[in-house]
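Step one of this worksheet: look at the structure below.
Please treat every number below as a calculation from the coordinates, not as lab data. Since this is a predicted model, take the numbers as computed values, not measurements. FYI the Cβ positions are ideal-geometry reconstructions off the backbone, even for glycines, and counts take in every protein chain you see.
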Amino acid sequence: MRKMAAGNWKMNGALSDLTELTLLAQRHAMASVDILMCLPAPLIAPAQKEGVIKIGGQTCHVASSGAHTGDISAQMLVEVGAKAIIVGHSERRQDHNEDNATVQAQARQVIEAGAQAIICIGETGDARERGETLDVLADQLAGSVPEGATSGNTVIAYEPVWAIGTGVVPTLEQIEEAHRFIRNTLVDRFGSDAQDMTLLYGGSVKGSNAAEIFSVADVNGALVGGASLRADDFSPIITALEAS
Ligand code: PGA
């Protein structure tokens, strides 16, 4: 089981901010966990020199090429150095109406291009209040994760929508329930290989709460937004994961 500390810069960051990655690479040169930073597409190529840090993308098109002005394929991101690509982030599902079928097609493109698909799932606050959390997760897992997903080519990120960018974190019991459910669902479908699939928690992870989140069973790392932008904020999260 590979543990992973993954960051997601979203639509933030400039060329000058890549010095944050240089700092991280220096501080964590001997890292015992995977460190992945998912950058805006124009920063992927210039970030290639950052040693231990793998660079990733944040989305891709459902096709590998064609008449899709403004879109970028998984293959293109991989060619400039992306080792992994996030698909199905809730901001993409909301802002671009990406449904499970779209996310599954994107994940297939990522895997075919030779990168790791980081597939995001998670319930809205309304769904949790209605008691539908596990139904939503079951539906998203069935619809978004392609056949052929393995512990090598796929990572699942559980990101409750209500915890993203809000500073509100689920209880450890809520995280544990979701992760246990995700693990069992994946093992039912893909067999014992899914025991080794890396499961990330995402949503308001910070240096101050990382250790307790990583103590939860079946949490194998984090997908971090706001606290991934600065080395001083992300570094303690990497250290907490290594210690877990
Ligand atoms: P956050 O974002 O850490 O800023 O809550 C997490 C994410 O959207 O992946």
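222 nm [θ] for the chain, helices only, -39500 (n - 2.57) per DSSP H run of 4+, per residue, to 500?
Numbers: 10 runs with 95 residues, N = 244.
The helix-only estimate for the chain comes to -11000 deg cm²/dmol at 222 nm.
Would you order His96, His179 from fewest to most other beta-carbon atoms within 10 Å of each residue's own beta-carbon?
On the way: His96 10, His179 21.
Result, fewest neighbours first: His96, His179.
Specify, per residue and in Å³, the volume enclosed by the convex hull of the alpha carbon atoms belonging to the stretch 119-244.
With only Cα atoms used, the stretch 119-244 gives 100 Å³ per residue.
Order by neighbour count: Arg130, Arg183, fewest other Cβ atoms within 10 Å first, most last.
The most exposed by this proxy come first: Arg130, Arg183.
What does the C-alpha gyration tensor say about the overall shape of the stretch 104-157? Classify as rounded when a/c is under 1.5, otherwise prolate if a/b is larger than b/c, or oblate.
prolate
With the alpha-carbon atoms as the only input, what is the per residue convex hull volume for the chain in Å³?
For the chain, the hull spanned by Cα atoms encloses 112 Å³ per residue.
For the stretch 4-243, what proportion of DSSP beta bridges, expressed in % and rounded to the nearest 5, is antiparallel?
0 percent
Per the Kirkwood formula on distinct C-alpha pairs, the Rh of the stretch 15-90 is how many angstrom?
13.2 Å
So for the stretch 4-243, averaging the separation of alpha carbon pairs under 8 Å that are six or more residues apart and normalising by length, what relative contact order in percent results?
Reported as a whole number, the value is 20 percent.
Take Thr166, Thr198 and order them by how many other Cβ atoms sit within 10 Å, fewest up front.
Thr166, Thr198
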